[in-house]
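Below: one structure, written as structure tokens.
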Amino acid sequence: MIRDLNKILSILGDEDKPISHQLLRNLSELSQAELAQFQDAWAGYSQARRLALMQALVSMAEEHSQFNYNAIFAWALDDADPNVRVLAMEGLWEDKNVAHLPRFLHFLVHDEDVDVRAAAAIAVGRYLYWAETNEIPGRYAGETAEALWDVYHDPLEHVHVRRRALEGLGSSSHPGVARIIESAQYDEDSFMRSSALYAMGRSADVRWIPYLLPHLESEDPASRMEA
């Protein structure tokens, strides 16, 4: 692709100009040299512009599968802004590269930001699903399930991180998972109950049909959606 990346990056840094689809198209599949140019330009962008750009890239990747921003997303995992780290993980939602997994596992346990840990739980849950469905080597099922299991059972962890861990565990073939899913549907926290329903659906286990059917007519929109 022939592109004047310096000009594109200059326009992207101008907060008086919109972040257009045409500009975003030119950030797809950056080479290493081009990524270095992007990094240099990024350093001069305001925090608000960085977030706006990341949000636009994530949306573009979700809506148009032909564009690949994984090089940017992978690099942005190291950003100092937790909001950028969250968006970077969201942007990598289809990337099955197991090289990212150690970073996600680290975020899940050690990141100081609740939203980053919750996003990491979602990301680790995807790898567990891929391992269980043989989209990546099955050996990754053990470490991902164990990490999510430990987070879910940590009483000091924030409920929003624990619920995302539970959702991820729905993909696990571990025999103890069904017990915690069943228990979570009676949790006092409504978000945790919704996550229990999500985990039931994720498991594709027919045992949960009697639990899910009543929620299809629930007055709680979140419960109806997950069921």
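The values are calculated or read from the model by the stated rules, or taken from the named source; none is laboratory data. Small disclaimer: the values here were computed from a predicted structure and weren't measured. All Cβ positions, even for glycine, are placed from backbone atoms using ideal geometry, and neighbour counts span all protein chains on display.
Conditions tested, residue by residue: (1) modelled with pLDDT of 95 or more; (2) surrounded by 19 or more Cβ atoms within 10 Å (Cβ to Cβ); (3) of a type in the set (Asp, Glu); (4) more than 17 Å from VAL124 (Cβ to Cβ).
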{"site": "TRP149", "(1), (2), (3), (4)": "yes, yes, no, no"}
{"site": "SER173", "(1), (2), (3), (4)": "no, no, no, no"}
{"site": "GLY176", "(1), (2), (3), (4)": "no, no, no, yes"}
{"site": "SER183", "(1), (2), (3), (4)": "no, no, no, yes"}
{"site": "GLY201", "(1), (2), (3), (4)": "no, no, no, yes"}
{"site": "ALA204", "(1), (2), (3), (4)": "no, no, no, yes"}
{"site": "PRO210", "(1), (2), (3), (4)": "no, no, no, yes"}
I need the full set of residues from region 64-94 which are surrounded by fewer than 18 Cβ atoms within 10 Å (Cβ to Cβ) and under 20 Å from GLU135 (Cα atoms), in order please.
SER65, ASN68, TRP93, GLU94
Which residues, counting only those in region 123-166, are in a loop (DSSP other than H, G, I, E, B) and either touching a residue at least 40 places away in the same chain (Cβ under 8 Å) or more than 23 Å from ASP95 (Cβ to Cβ) (or both)?
ILE136, HIS153, ASP154, PRO155, LEU156, GLU157, HIS158
Does region 1-42 hold any residues that are closer than 22 Å to LEU92 by Cα and among the small types (Gly, Ala, Ser), and which are they?
SER20, SER28, SER31, ALA33, ALA36, ALA41
In region 167-201, which residues are under 21 Å from PHE107 (Cβ atoms) and either acidic (Asp, Glu) or assigned to a loop (DSSP other than H, G, I, E, B) (or both)?
GLU167, GLY170, SER171, SER172
Which residue, of SER65, SER46, SER59, is modelled with pLDDT under 95, among the hydroxyl-bearing types (Ser, Thr, Tyr) and under 28 Å from LEU108 (Cα atoms)?
SER65
Taking region 150-164 only, how many residues are out of contact with any helix residue (DSSP H, G or I) (no Cβ under 9 Å at 6 or more places or on another chain) and under 17 Å from ALA196 (Cβ atoms)?
0
